[in-house]
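The values are calculated or read from the model by the stated rules, or taken from the named source; none is laboratory data. All values derive from a computational prediction rather than experimental measurement. Neighbour counts are summed over all protein chains in view; Cβ atoms, including those assigned to glycine, are modelled from backbone coordinates with ideal geometry. In case anyone asks, the SASA skips ligands and DNA or RNA and just uses the protein heavy atoms, side chains included. Shrake-Rupley method; radii C 1.70, N 1.55, O 1.52, S 1.80 Å.
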Amino acid sequence: MPLDTSAEAAQVQTEIHRALGAPRRLQLACQMSETVRELARARIRSKHPEFDESTTRDWLTWELYGIRRNNR
């Protein structure tokens, strides 16, 4: 259970998630993942305003997966 959530609230959240069904839970997880990536790209752009979109994407890929392209 998260430290900032009461046991009762966690139970309600669990029941809601179960009621959604697997396809909708997957859709929500994908949306949350994309939101986190957008936030990470914004952070990278704010720290490195000189980066173009391609470099920002490469930097994010390196942060997430440790993969670098073109030795950047």
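Summary of values
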{"item": "Spacing of the two label points (7 Å from each Cα toward its C-beta) at Leu3 and Arg41, in nm", "result": "3.2 nm"}
{"item": "Solvent exposure ordering (accessible area, 1.4 Å, most first) of His17, His48", "result": "His17, His48"}
{"item": "Net charge over other residues, Cβ less than 11 angstrom from the Cβ of His17 (K, R count +1; D, E count -1)", "result": "+2"}
{"item": "For the chain, convex hull of alpha carbons as volume per residue, Å³", "result": "127 Å³"}
{"item": "Those GluC sites (Glu not before Pro) in the stretch 1-65 that DSSP places in a loop and that have at most 11 other beta carbons within 10 Å", "result": "Glu50"}
{"item": "Rounded accessible area per residue of the chain, 1.4 Å, Å²", "result": "81 Å²"}
